[in-house]
1. Just to confirm a number: summing +1 for Lys and Arg and -1 for Asp and Glu over residues other than Ala194 whose beta-carbon lies under 14 angstrom from that of Ala194, what do you get?
2. Would you indicate which of [x] 0.95; [y] 1.10; [z] 1.02 is the value of Cα Rg over 2.2 N^0.38 Å derived from the coordinates of this structure?
3. Averaged per residue, what accessible surface does the chain expose to a 1.4 Å probe, in Å²?
4. When the Karplus curve 6.51 cos²θ - 1.76 cosθ + 1.60 is applied with θ = phi - 60°, which whole-Hz ³J(HN,Hα) does each residue of the range 251-258 get, with x for Gly and Pro?
5. I want to check the label-to-label distance for Ser340 and Asn108. Put each point 7 Å from Cα in the C-beta direction and report it in nm to one decimal.
6. Give me the Kirkwood hydrodynamic radius of the range 218-373, using the inverse of the mean 1/r over all pairs of distinct Cα atoms, in Å to one decimal.
7. Determine the calculated [θ] at 222 nm for the chain from helices alone, applying -39500 (n - 2.57) to every DSSP H run no shorter than 4 residues and normalising by the residue count; nearest 500 deg cm²/dmol.
8. Quick one: Cα centre-to-centre distance for the range 298-314 and the range 328-399, in angstrom?
Amino acid sequence: MTVSIQRQFWRYTIPTVAAMLVNGLYQVVDGIFIGQYVGADGLAGINLAWPVIGTILGIGMMVGVGTGALASIKQGEGKTEQATTTLTTGLILLALLAPIVGVILWFNAELFISLQGGEGRAYELGVQYLDILIFASVFTLGSIALPFLLRNDNSPNLATALMVVGAVINIALDYLFIVVFQWELTGAALATGAAQAVVTVLGVSYFFSRFAKVRLSIAKLEFRYDVLPKIFMIGVSSFFMYAYGSIMVALHNGLFTQYGSAMLVGAYAVLGYIVTIYYLTAEGIANGMQPLVSYNYGAKHTANIKTLLRIAMVTSVSLGIAFVVVLNVFPYQAVSVFNSSEPELIEGAVLGIRLHMFALFLDGFLVVAGAYYQAVNKGGRALFVTIGNMAVQLPFLYIMPKLYGLEGIWLAYPLSNIALSLLVMAMLWRDVRGLESETDLKVAPTS
């Protein structure tokens, strides 16, 4: 009896969402310890460092998603050898990118902070974090990419377990380095780097073990330049998704320092940690969908593809609406998790919840839409979703602060999200309706 596509979806999605949320603990737990034990300046410092962190994560995501999706497509087509070559190329690429990232950070870390208007204590703390990231970047890249590769190797539960191990290490070391040793953001960076190192090493080891479906050996480590464009084309929208987020954080940081103070940068950081919970849930739903859509696209099963997209979209948007409602009912409680002693920071963050996050559920829609286009090898359209988000938001960020000051900064993001979502809805509707005509697809049984 064929396992229903709905059951396959939940089999992949539940552990994937769990893995993403556990992965998010790296950021959220850092934020809790920093906000409670270092204060508003610490939150501002980590937010000033975030554009760099996010860009590095985006590079890892690009390689992980691109490699994983392409390998799944090849497996669906029955081309096992090409799937293996794709995997080895992706892993070697991660190793080659790490020293390049480290050198760039070595020469430009302080510049990246100062360009956002960072100064004083917040500036010093931001530089503390990036100084550690220079040496830990190889693990930052690996920790974001490896779980994608494990899930695409039909091991979603193992990917989740791997992330749980990393999160536990991160929490324990955060307490030791930030609370006990009082190493501030240096301690936060060391804790995160150590946890990411464990995830990376264990993740790579899996593919050399008997548990891997696409099992590697030293003899099979082959780097194919002709595979790189395909990996980049599929995964580049994931990079731009993080790069877009990094640029937006940097622009918001600059505007908040221009129109307000470093305290508002700290408030914006609190919102970033809160948003992480929903955003990673939506990303987990999208990433749980992606291997199945890629496989069914390679196997030419149209009905399954449509079912997977529908379930993922309804789930993601519904959870987003519920998340927005809960935040607006309990805004002070949500903010107090990160800081309960600085009234200016708390009030700024609550105002941000009211104005900045009312259209947050549309992020879930856009993330699933982008993952769908990646899964069916339409990197150009996936790229449009992410680049479009930045292109649409920039005019709002330029105009709204001039008209409404600080409130205009908070409102720019949700208004641009609404505008882009309307465009993507029209594009996605047309593409899904025309799915059968793209190739000579056959309909697979769904139950």
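The values are calculated or read from the model by the stated rules, or taken from the named source; none is laboratory data. What you see is a predicted model, and the numbers here were worked out from it, not measured in a lab. Ideal geometry is used to build each Cβ from the backbone, glycine not excepted, and the neighbour counts take in all protein chains shown. When the accessible area is computed, the model is the full protein with side chains, heavy atoms only, and any ligands, DNA or RNA have been set aside. Shrake-Rupley method; radii C 1.70, N 1.55, O 1.52, S 1.80 Å.
1. Values: positive: none; negative: Asp30, Asp174.
After counting each charged neighbour, the total is -2.
2. [x]
3. 39 Å²
4. 5, 5, 4, x, 5, 5, 6, 6
5. 4.1 nm
6. Values: mean 1/r = 0.0560 Å⁻¹.
Result for the range 218-373 stands at 17.9 Å.
7. -29500 deg cm²/dmol, from helical runs alone.
8. 26 Å
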